Amino acid sequence: MNRYTLNPRRGWGSILEAQGFSFHTRETGPYWDESAAYSFSGKDVSILERATEELQQLCLKAAQFILDQELFDELRIPEIARPLIRDSWERETPSVYGRFDLAYNGKSEPKLLEYNAQTPTSLLEAAAIQWLWKEDVRSRNDQFNSIEPKLQAQWKECRPYIKGQLYFSSLDNAEDRATVDYLASLAESVGFRTSHITLERIGWLNHRFVDEADVPMNTIFALYPWEWLMSEQGEKIADGFQSTMWLEPTWKMLWSNKALLPILWRLFPGHPNLLESYLDGPRAMTSYVRKPIYSREGANITVIDAIPVAKTEGLYGSEGFVYQKLASLSHFDGKHAVIGSWYITDQGPAGVGVRESNGLITDNTARFVPHFLE
């Protein structure tokens, strides 16, 4: 694993916009950063693939353990959601994808930082945009990236479960809309009829969720956190649960929650791909990260290395915190890199994206940096 400094393509912003990637720049500067690229060896790919598959299997076992032991309180899952989670798990309601965030430096085993199991973004840039960059800039090199064909294969797997129109829903912002539009285009490519509706326009009529024409919605893929959905629409979701199938399914609430990390450590202590984690405090750890059980974009995180060394502000933390051993991130040229390793349900590990930050916390100022294989 190495980092290279490169010259960005002339007119790179226009190139990306022509490819449907409009949110390449933020107020803090470029989000897409092709002034650098990471390289991986075949050995790196094998290590990351193996770790990603292993982590998925551990999470499946952890989900069953949570249900068997009824550990919903530890995950701060509300009462109204619990029978829905159990029902969707037992019926094996299909899911599509997830992203493991890993600390990996090319020398030691990848370590799980967290599992973005329900609303992972950076999908368009990982699956399509960095591939197009590679074809343009490093056409002789390969890339650890089979995300798009595996997503298409997974949508085919979902076809027996989905009747009629497949609705995609999100907030009305560029990143979320681009993510669901990309997923919809792949679903359409394997025969689905799709439609987009912003979340606030979903209606409720005769105990059914309906679209703007009052047509009942049988299946909704919502790029919106389940904890927010249940807080805002929990009673309606429960009432209409047998008539509307949600993707990602409610059982993903068992994973899209940082309290999963201590449960994994409890079940598999010392596992080479896990970091020591607890819910009740740091215990004997002196170097650790305090993370809210529910949070987004690196908010409300504190890094402790004997003393506090980094901290972000935000609106999260009311449900409590997870205390996780401080991991050693990849460190090149003063930059810290986190590997987002994609897992497509029923298809397996599918590729990686690299997000890079100037500090120890990967927050909403982090940049997406493309990669290639050497």
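The values are calculated or read from the model by the stated rules, or taken from the named source; none is laboratory data. Just so it is clear, the structure is predicted and the values come from calculations on it, not from any experiment. So basically every Cβ, Gly included, is an ideal-geometry build from the backbone, and we count neighbours across all protein chains shown.
Computed values, structure above
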quantity: Condition broken by Ile220, with the remaining ones in (1) touching a residue at least 40 places away in the same chain (Cβ under 8 Å); (2) assigned to a helix (DSSP H, G or I); (3) among the aliphatic types (A, V, I, L, M); (4) closer than 25 Å to Leu151 by Cβ satisfied; calculated: (2)
quantity: Residue match in the range 337-359 (condition: polar (S, T, N, Q), at pLDDT below 95 and on the phi < 0 side of the Ramachandran plot); calculated: yes
quantity: In the range 225-257, the residues that are part of a loop (DSSP other than H, G, I, E, B) and crowded, with 21+ Cβ neighbours inside 10 Å; calculated: Glu248, Pro249, Trp255, Ser256, Asn257
quantity: Only one of Asp181, Asp172, Asp239 that is at pLDDT 95 or above and over 20 Å from Thr93 (Cα atoms); calculated: Asp181
quantity: Answer from Asp214, Asp176, Asp172 - the residue that is under 22 Å from the mean Cα position of the chain (by Cα) and part of a loop (DSSP other than H, G, I, E, B); calculated: Asp172
quantity: Meets criteria (at pLDDT 95 or above, β-branched (Val, Ile, Thr), surrounded by fewer than 18 Cβ atoms within 10 Å (Cβ to Cβ) and under 30 Å from Ser295 (Cβ atoms)) for Thr219; calculated: no
quantity: Some residue of the range 224-232 being in contact with a helix residue (DSSP H, G or I) (Cβ under 8 Å, 6 or more places away or on another chain), under 30 Å from Gln154 (Cβ atoms) and free of Cβ contacts under 8 Å to residues at least 24 places away in the same chain; calculated: yes
quantity: Meets criteria (within 22 Å of the chain's Cα centre (by Cα), among the charged types (D, E, K, R) and not in a helix (DSSP H, G or I)) for Glu53; calculated: no
quantity: Residues of the range 199-216 classified as surrounded by 14 or more Cβ atoms within 10 Å (Cβ to Cβ) and either closer than 16 Å to Gln165 by Cβ or among the small types (Gly, Ala, Ser) (or both), total; calculated: 8
quantity: Candidate set from the range 242-257 (those that are within 13 Å of Glu114 (Cβ to Cβ) and in contact with a helix residue (DSSP H, G or I) (Cβ under 7 Å, 6 or more places away or on another chain)); member that is modelled with the highest pLDDT; calculated: Trp255
quantity: Qualifying residues in the range 22-48 (those that are at pLDDT 95 or above and assigned to a strand (DSSP E or B)) - the one farthest from Val354 (Cα to Cα); calculated: Thr25
quantity: Test: residue in the range 134-156 that is assigned to a strand (DSSP E or B) and within 20 Å of the chain's Cα centre (by Cα); calculated: yes
